[in-house]
1. Scan (1) within 27 Å of residue A:147 (Cα to Cα); (2) within 15 Å of DNA strand C (Cβ to nearest atom); (3) under 16 Å from the mean Cα position of the chain (by Cα) for the single condition residue A:68 breaks and write down its number.
2. Among the residues of the range A:86-98 satisfying the criterion of being assigned to a strand (DSSP E or B) and either crowded, with 16+ Cβ neighbours inside 10 Å or touching a helix residue (DSSP H, G or I) at 6+ places or on another chain (Cβ under 9 Å) (or both), which is modelled with the highest pLDDT?
3. Go through (1) closer than 19 Å to residue A:33 by Cα; (2) assigned to a strand (DSSP E or B) and name the single condition residue A:69 misses.
4. Here is a check on your reading of the model: is residue A:83 surrounded by 13 or more Cβ atoms within 10 Å (Cβ to Cβ), in contact with a helix residue (DSSP H, G or I) (Cβ under 8 Å, 6 or more places away or on another chain) and farther than 19 Å from residue A:14 by Cβ?
5. Go through the range A:99-152 and report how many residues are assigned to a helix (DSSP H, G or I) and within 16 Å of DNA strand C (Cβ to nearest atom).
6. Cβ-Cβ below 6 Å, separation at least six or inter-chain, first residue in the range A:100-124 and touching a residue at least 40 places away in the same chain (Cβ under 8 Å), second within 11 Å of DNA strand C (Cβ to nearest atom) and in a strand (DSSP E or B): which pairs?
7. Look through A:106, A:130, A:118 and report the one residue that is within 23 Å of residue A:25 (Cβ to Cβ) and surrounded by fewer than 16 Cβ atoms within 10 Å (Cβ to Cβ).
8. Regarding residue A:62, is this residue over 15 Å from the mean Cα position of the chain (by Cα), away from DNA strand B (no atom under 15 Å from the Cβ) and crowded, with 18+ Cβ neighbours inside 10 Å?
DNA sequence: GCCAACGTTGGC
DNA sequence: GCCAACGTTGGC
């Protein structure tokens, strides 16, 4: 059982969009970073819990919880020339990019902003808070997960 | 809109 | 393999 945080720009795909999907489930496509790809492929398993984080918006914040309902499998948007995530170098016989399916669990009672997360020394080791961090998927320890929920 | 940080590309 | 140039991310 692992805990994660995944970023999305709410203008592109928000937690409300996830909640509105059929089965409240969507595939998390478009990750085009090898470090994140490796986590999707090797470490994210069905049942893992994930914080939904809104990035690149007026108030960057953790806004909700989702659950992995299908572990890593090939990101088919990489094969679609009409997709903005198309990658001509990803061969369907040897897919370069991976994704998981996630299901909405709930929104937090309140969004917990990045600026607040930075103030907790308990979270000093969080990868999200590291200077220059750009990874759209980062792991959390169980302790970090529980602490954040305690601040809700 | 600015810009720091980072990843990728490609010439050599 | 090095590294400059470039593109992207994402907070502010």
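1. Condition (2) is where residue A:68 drops out.
2. Result: A:98.
3. Only one criterion is unmet by residue A:69, namely (1).
4. In short, yes.
5. 9
6. A:111/A:61; A:112/A:61; A:112/A:62; A:113/A:61
7. Every option except A:106 fails the conditions.
8. For residue A:62, the condition - over 15 Å from the mean Cα position of the chain (by Cα), away from DNA strand B (no atom under 15 Å from the Cβ) and crowded, with 18+ Cβ neighbours inside 10 Å - is not met.
The values are calculated or read from the model by the stated rules, or taken from the named source; none is laboratory data. Quick caveat, the model's predicted, so the values are computed rather than measured. Quick reminder, even Gly has a Cβ in these numbers, built from the backbone with ideal geometry, and neighbours come from all protein chains shown.
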